[in-house]
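The structure appears below as structure tokens.
The values are calculated or read from the model by the stated rules, or taken from the named source; none is laboratory data. Since this is a predicted model, take the numbers as computed values, not measurements. Heads up, the Cβs are rebuilt from the backbone with ideal geometry, glycines too, and the neighbour counts pull from every protein chain shown. Remember, those area values only see protein heavy atoms, side chains included, never the ligands or the DNA or RNA. Shrake-Rupley method; radii C 1.70, N 1.55, O 1.52, S 1.80 Å.
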Amino acid sequence: LKLLIEPCQELEESEWPKDVPEKLPRIIYLIRVISLHSEYYNNKENTERLFMYLSNEIINYCKSKIDIRKILSGQPRFGIRICDMSIDCCLAYKQIFKRIVEKFAIEAFSRTWLFDDAKIFSRINIFIQRLYDIMEICESVIVFGRIDETGSIAPLKFGCHNAKEFMKICDDIQKRFDAALLDIKNSSAKILDVNSSAWYEKISSFKKVIRA
């Protein structure tokens, strides 16, 4: 396993999630070498466990680049950008894994390389959905919260005869949104915790508010 220390450190030292995929083939090939020469990892279940560790490494790296408090405190476009990069990184990992494993299968390399993809990518898939949730929150912050770090958004104004009535409706919507966003902020530690199911209830309640 010492073979994986250096490439995993290089992964952790990547500047942005978009820089991670190019480093993954080397790690996957090294896992192949380990599975060939290690009695312990020369079986399907234990080699799958190595790929599950790699999935966790990628998740932890992306999480280190996603400052939830910063995003929810007024930088929604940064949140959209970094989450989009992280999603691309995770999807690239799945594609690279599939391509290399298929290559080995064609070469009749070893039956131990017929893996349970659902097990390997279970947390990756959960993480991707959490990233989409963050992006939806960020978009709603721009639209409903009227917060955008790239410039100020002018307050709503109505020139019609019933402008006051429209303003009252908008104020009510703003208050409901602010309350829902505060609940999200108070639950921010749960967003990227792929081992916790507590987030589902929070995001479901938030979506009900912004879609009402």
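Of note:
- Residue within the stretch 32-52 that is buried (at least 16 other Cβ atoms within 10 Å of the Cβ) and in contact with a Pro (Cβ under 9 Å, 6 or more places away or on another chain) present: no
- Flag for residue 80 being crowded, with 18+ Cβ neighbours inside 10 Å and not polar (S, T, N, Q): yes
- Evaluation of residue 71 against (1) aliphatic (A, V, I, L, M); (2) farther than 21 Å from residue 139 by Cβ; (3) out of contact with any Pro (no Cβ under 9 Å at 6 or more places or on another chain); (4) open to solvent by less than 40 Å² (accessible area, probe 1.4 Å) (one fails), failing number: (2)
- Checked against the criteria, residue 207 counts as modelled with pLDDT of 70 or more and either open to solvent by less than 50 Å² (accessible area, probe 1.4 Å) or basic (Lys, Arg) (or both).
- Identification of helices (runs of 4 or more DSSP H) wholly contained in the stretch 54-148 with 2 or more residues that are charged (D, E, K, R) and within 17 Å of residue 21 (Cβ to Cβ) yields 76-106.
- Only residues that are free of Cβ contacts under 8 Å to residues at least 60 places away in the same chain and surrounded by 13 or more Cβ atoms within 10 Å (Cβ to Cβ) were counted across the stretch 184-199, and they come to 3.
- Which numbered condition residue 81 misses (of (1) in contact (Cβ under 8 Å) with a residue 12 or more places away in the chain; (2) closer than 28 Å to residue 142 by Cα): (1)
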